[in-house]
1. Within segment 53-69, take every residue that is touching a strand residue (DSSP E or B) at 6+ places or on another chain (Cβ under 6 Å) and crowded, with 17+ Cβ neighbours inside 10 Å and give me the one that is nearest to Gly122 (Cα to Cα).
2. Of all residues in segment 76-120, count the ones that are modelled with pLDDT under 85 and either acidic (Asp, Glu) or in a loop (DSSP other than H, G, I, E, B) (or both).
3. What are the residues in segment 9-52 that are at pLDDT 75 or above, more than 27 Å from Thr167 (Cα to Cα) and either exposed (fewer than 10 other Cβ atoms within 10 Å of the Cβ) or among the basic types (Lys, Arg) (or both), if any?
4. Looking at segment 130-155, which of its residues are closer than 23 Å to Pro53 by Cβ and surrounded by 10 or more Cβ atoms within 10 Å (Cβ to Cβ)?
5. Consider Phe5 carefully, then state whether it is modelled with pLDDT of 70 or more and either farther than 30 Å from Gly119 by Cα or of a type in the set (S, T, N, Q) (or both).
6. When you look at Ala73, is it crowded, with 16+ Cβ neighbours inside 10 Å and not aromatic (Phe, Trp, Tyr), yes or no?
7. Quick check: anything in segment 98-111 without any contact (Cβ under 8 Å) to a residue 60 or more places away in the chain, under 30 Å from His151 (Cα atoms) and in contact with a strand residue (DSSP E or B) (Cβ under 9 Å, 6 or more places away or on another chain)?
8. Restricting the search to segment 155-171, which residues are part of a strand (DSSP E or B) and in contact with a Ser or Thr (Cβ under 8 Å, 6 or more places away or on another chain)?
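The values are calculated or read from the model by the stated rules, or taken from the named source; none is laboratory data. Since the structure is predicted, the reported quantities are computational estimates derived from the model, not experimental observations. Cβ sites come from the backbone with ideal geometry, for glycine too, and all protein chains shown count toward neighbours.
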Amino acid sequence: MTTQFAFRTVALVAILAFLAGCLAAVAGAQEPVPAPTQRTVVAAGTGLARVTPKDRDSNASIVAAVDAAGKKALPLAFADAREQATELAQQAGVALGALLTISNAQSAGGIFYGPYAYGSFGPDTYCGSVRTRSVTVGKDGKRRYGKYRTHDVCRFPSTLQRSVQLTYAVG
């Protein structure tokens, strides 16, 4: 009987403590301070650069070429976004103000090259081994599968795209 009474007492105290914590959280909550409304112009820009490795069969050369293309495409994306923002502001009849935010928008670069740092064999790995086998169709229409063979290949994107989103204040 006393064990049951003690358990009920502990359970009641725990429930009351929980409720007191919830009430304190609700009482301490305040209305969020409304942010001043600011007029902005948001523009997205893209930059495209060719990936040209010195050695198409060397993973290190391909990684260096992909990095170089990314560094070349980023300024092009910024320039494109700035041009878009300027055009939008002119069409709206307002002056472009200070740059408020910059966002690095990821662009889909293909099935193997989503974010540009990834290769088809893993991060920064563009060369690897693949298994293939030949298929022939006989006179009877049935497919005949040959033996598997393993060979090394290097796959990399021909171009690399970088995207940015810029938010400007309206001046």
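1. Of everything passing the filter in segment 53-69, Asn59 is nearest to Gly122 (Cα to Cα).
2. So the count comes out to 13.
3. Of the residues in segment 9-52, the ones at pLDDT 75 or above are 9, 15, 37-52.
The next check asks that each one be more than 27 Å from Thr167 (Cα to Cα); those that pass are 9, 15, 50-52.
The one that is at pLDDT 75 or above, more than 27 Å from Thr167 (Cα to Cα) and either exposed (fewer than 10 other Cβ atoms within 10 Å of the Cβ) or among the basic types (Lys, Arg) (or both): Arg50.
4. The answer is Val130, Val153, Cys154, Arg155.
5. On the way: modelled with pLDDT of 70 or more: no; either farther than 30 Å from Gly119 by Cα or of a type in the set (S, T, N, Q) (or both): yes.
No.
6. On the way: crowded, with 16+ Cβ neighbours inside 10 Å: yes; not aromatic (Phe, Trp, Tyr): yes.
Yes, satisfied.
7. Our first condition is that a residue be without any contact (Cβ under 8 Å) to a residue 60 or more places away in the chain; within segment 98-111, this holds for 106, 108-111.
Cutting the leftovers down to under 30 Å from His151 (Cα atoms) gives us 108-111.
Cutting the leftovers down to in contact with a strand residue (DSSP E or B) (Cβ under 9 Å, 6 or more places away or on another chain) gives us 108-109.
There is at least one residue in segment 98-111 that is without any contact (Cβ under 8 Å) to a residue 60 or more places away in the chain, under 30 Å from His151 (Cα atoms) and in contact with a strand residue (DSSP E or B) (Cβ under 9 Å, 6 or more places away or on another chain).
8. Gln161, Arg162, Ser163, Val164, Gln165, Leu166, Thr167, Tyr168, Ala169, Val170
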